[in-house]
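Structure first, then comments.
Every number here is computed from the coordinates shown, using simple stated rules; none is lab data. Since the model is a prediction, treat every value here as computed from it, not as a measurement. Virtual Cβ from ideal backbone geometry, glycine too; neighbours counted across all protein chains shown.
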Amino acid sequence: EDAYGPLTPGTPLESFIDDADDEDWYWFDAGFGALTVSLTGIPAGADYDLYLWGDEAILAESDHQDNEDETISWQVIGGGRFWIQIIGFDDTSDPDDPYTLTAGFTPLNTDPVVELVHPNGGETFTTGAPVTLQWSASDLEDGAALDIALAYSPDDGATWTDIATGLDNTGSHSWTAPAVPTTEGLVRIIATDGDG
């Protein structure tokens, strides 16, 4: 509850380990992405260690010898609140010479994973008859909140016509097979996440 924060990503912060009993705490919130915490400028003669905490547990630590820089890189999956702890190893401290702490966070984005379940090849449809198109789509960052677009090609992908755009990721959509006979028909699905 006494931790300083929230830290501003990428902004260096200077502070001190004043005495043998001192330890510094900082906090910040992060979503899905890559987190890097660096402790630099450790005073000569001091040996500071760096810890990254999650929910009541240490997630990562950096404890190089002497005043060597400390760095933690962590892949944040679920997001949440994180705490940084800095302590003087073997009671080392320096009330006159500050260290520099920098926490950086880079949001990551992965492509949605999408599969057209039906039709998936070889089906025969009657022109003008109803067809239920089915798919599965997911995304690590956006969950099921994806924008779905469906299209049809009568000529093996040379040209495409929209079936529907802006659909919610419900997993199915009713469609009427076009009244154009073809043996080269294709259905395509595109799932778009919040980052496009």
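Could you list, ordered by first residue, the pairs with Cβ atoms under 6 Å in which the first is in segment 164-184 and farther than 26 Å from Ala145 by Cα and in contact (Cβ under 8 Å) with a residue 24 or more places away in the chain and the second is assigned to a strand (DSSP E or B) and of a type in the set (A, V, I, L, M, F, W, C), at least 6 apart or interchain?
Correct list of pairs: Ala177/Val131.
Give the number of residues within segment 6-53 that are free of Cβ contacts under 8 Å to residues at least 60 places away in the same chain and in contact with a strand residue (DSSP E or B) (Cβ under 6 Å, 6 or more places away or on another chain).
13
Out of all the residues in segment 136-150, which are surrounded by 17 or more Cβ atoms within 10 Å (Cβ to Cβ) and within 17 Å of Ala177 (Cα to Cα)?
Here is the first cut: in segment 136-150, the residues surrounded by 17 or more Cβ atoms within 10 Å (Cβ to Cβ) are 137, 139, 141-142, 146-148, 150.
If the condition is that a residue be surrounded by 17 or more Cβ atoms within 10 Å (Cβ to Cβ) and within 17 Å of Ala177 (Cα to Cα), then Leu150 is the only one that fits.
Quick check on my filter: what residues within segment 182-196 are among the hydroxyl-bearing types (Ser, Thr, Tyr) and crowded, with 18+ Cβ neighbours inside 10 Å? Steps first, please.
First, pick out the residues of segment 182-196 that are among the hydroxyl-bearing types (Ser, Thr, Tyr): 182-183, 192.
Within segment 182-196, just Thr192 meets the criteria.
Find the residue count for segment 140-196, including only residues that are among the acidic types (Asp, Glu) and closer than 16 Å to Thr127 by Cα.
Of all residues in segment 140-196, those among the acidic types (Asp, Glu) come to 141-142, 147, 155-156, 162, 168, 184, 193, 195.
From the residues that got through so far, the ones that are closer than 16 Å to Thr127 by Cα too are 155, 184.
Number satisfying all stated conditions: 2.
Counting only residues that are in contact with a Lys or Arg (Cβ under 9 Å, 6 or more places away or on another chain) and of a type in the set (A, V, I, L, M), which one in segment 117-155 is farthest from Asp195 (Cα to Cα)? Even if it seems obvious, please write down each step before you answer.
Looking only at segment 117-155, we keep the residues that are in contact with a Lys or Arg (Cβ under 9 Å, 6 or more places away or on another chain), and these are 149-153.
Checking the rest, the ones that are also of a type in the set (A, V, I, L, M) come to 149-151.
Working: Ala149: 16, Leu150: 19, Ala151: 21 Å.
Looking at residues that are in contact with a Lys or Arg (Cβ under 9 Å, 6 or more places away or on another chain) and of a type in the set (A, V, I, L, M), I get Ala151.
Out of segment 163-181, which residues are under 24 Å from the mean Cα position of the chain (by Cα) and loosely packed, with under 15 Cβ neighbours inside 10 Å?
Across segment 163-181, the qualifying residues are Gly166, Asp168, Thr170, Gly171.
Does Thr100 satisfy the criteria of being farther than 30 Å from Asp195 by Cα and surrounded by 13 or more Cβ atoms within 10 Å (Cβ to Cβ)? Lay out the reasoning, then the answer.
Details: farther than 30 Å from Asp195 by Cα: yes; surrounded by 13 or more Cβ atoms within 10 Å (Cβ to Cβ): yes.
It is true that Thr100 is farther than 30 Å from Asp195 by Cα and surrounded by 13 or more Cβ atoms within 10 Å (Cβ to Cβ).
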